[in-house]
Amino acid sequence: MAIPFSLPLIDADVIAEVNDALTNTGWLTSGPKVRQLETEIGRMTGTPVLCVNSWTSGAMLMLRWFGVGPGDEVIVPAYTYAATALCAMNLGADVVMVDVRDDFCMDPHALSAAITPRTKAVIPVDIGGLPADYDELFDELSQNALAFQPRNERQAALGRPLLLADAAHSIGASYHGLPVGRVADATVFSLHSVKNVTTGEGGAIALDLPEPFDNEAELPRLRALALNGQTKSAFEKNQTGAWRYDIVDQGLKVNLPDINAAIGLAQIRKYESELLPDRIRITDRYQAAFAGKPWAILPTFSVDRRESSRHLYLLRVEGADEAMRDRIIQRISARQVGVNVHYIPMASLTLFRDRGYDAADYPVTQRLYENEITLPVYNGLTDAQIDEVVAVVTESVEAELQHAVGDSPFDSPGARSGTQFDSPEARSGTQE
């Protein structure tokens, strides 16, 4: 049974919404479908929302709005996709990487040690859909607020670095009972093709800035900044007698087209009622199946009142190194089951190595990466397909372990849980 790693949900609702955009609205670029999608996401987050054409664009837009540029530092976790760093680098800022905890999220203590007077923003990442520990991150920023050196009015009004959540994976997740979107100063979701809700390519910014900011008042400023600094969209200009506009800032061109928004609009309307519960079904079935495997380190979906959106299933193999993990993936792939790895540590990638980053400086990141295998999770995955993935992964892991060490020594009862990151040893990276 061939099982792809990921498939977007293209069902009758999506087709109908796209057809409506094509045949009934007379509009393809940013227009009524985008505004409806912003309203639906805002209903989930309880915040003003601006849709853009990618996560990267949304993060760049927020950093640009805050005045981040050359000479500034932006702190990101070492365990993430490169876009988390590139959004700052593309504006000329310097990226500072810090290590993560065993939950794959930014280590607040590592953050504290990295903050300098040049720090203008911090971008924690909700890896796999599990929110980072935002209370601890805010505490560290507050404790270091005296070192903050603002360079413009917005920075002075905030009085500390901007906490910008990389929620590319975590739409629909919650933190201490609050929806992701209301746990940082600003939050950027990804609506890329493989995400829980997709527009093909796209992103969405949720604003939850503290006083003295007025989030509703900041939204039109961001909207203009996303459209070359223009005060009216083409759709608004197209209304009778409304052609006149102004350019009020040196903006970007990162608006989301209506034809893309239509796909996400059909999905977001049933996300909380149907699509997210289906992802919970899939990941819970994996959890139950792997719970009895002594070599399985299970991902964490609920801990410390942090609830995941179940975007990824990050399975780790106890005792495997990177070479063994890669051989296991080869065995799985030969059985026509699609798996992946999230992510190659940034400091190992050529761009970052050439700029002086060293993967050895982030030991927890390296330890998590070297034995991680991401399993398929997407709407439409059947119980039979899940069971096939479990069987193929189990057989591949155990065959490789047997090949490597003879009789497997993994005879302790039950699987390891990813929630063990709270131990001092785990935090230091000295043991699993």
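Below is a table of values for the structure above.
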read-out: Of the criteria (1) in a helix (DSSP H, G or I); (2) more than 19 Å from the chain's Cα centre (by Cα); (3) of a type outside the set (S, T, N, Q), which one GLY128 fails; value: (2)
read-out: Selected residue [among the basic types (Lys, Arg), part of a loop (DSSP other than H, G, I, E, B), closer than 16 Å to ASP103 by Cα and not assigned by TED's automatic domain parsing to the domain that holds VAL125] from ARG310, ARG316; value: ARG310
read-out: Those residues of segment 264-290 which are more than 30 Å from VAL52 (Cβ to Cβ) and of a type in the set (Phe, Trp, Tyr), in sequence order; value: TYR286, PHE290
read-out: Pairs with Cβ under 7 Å, 6+ apart, first in segment 161-190 and in contact (Cβ under 8 Å) with a residue 40 or more places away in the chain, second of a type in the set (S, T, N, Q) and in a strand (DSSP E or B); value: PRO161/THR119; ALA165/THR187; ALA167/THR187; ALA168/SER190; VAL180/SER174; VAL180/THR187; GLY181/THR187
read-out: TYR271, sole failed condition from (1) under 19 Å from VAL197 (Cα atoms); (2) surrounded by fewer than 20 Cβ atoms within 10 Å (Cβ to Cβ); value: (2)
read-out: Matching residues in segment 93-110 - criterion: being closer than 24 Å to ARG151 by Cα and either surrounded by fewer than 24 Cβ atoms within 10 Å (Cβ to Cβ) or not assigned by TED's automatic domain parsing to the domain that holds PRO70 (or both); value: ALA93, ASP94, VAL95, VAL96
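Conditions tested, residue by residue: (1) farther than 30 Å from ASP361 by Cβ; (2) of a type in the set (A, V, I, L, M).
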| site | (1), (2) |
| --- | --- |
| VAL18 | yes, yes |
| THR25 | yes, no |
| THR39 | yes, no |
| MET60 | no, yes |
| PHE66 | no, no |
| GLY71 | no, no |
| TYR79 | no, no |
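Per-residue answers, yes or no, for (1) farther than 30 Å from GLY177 by Cα; (2) assigned to a helix (DSSP H, G or I); (3) of a type in the set (Lys, Arg):
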position	(1), (2), (3)
ILE328	yes, yes, no
ILE332	yes, yes, no
ILE344	yes, no, no
THR365	no, yes, no
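The values are calculated or read from the model by the stated rules, or taken from the named source; none is laboratory data. In this text the structure is predicted, and so the values were computed from the model without any measurement. Reconstructed Cβ throughout: ideal geometry from the backbone, glycine too, with neighbour counts over all protein chains shown.
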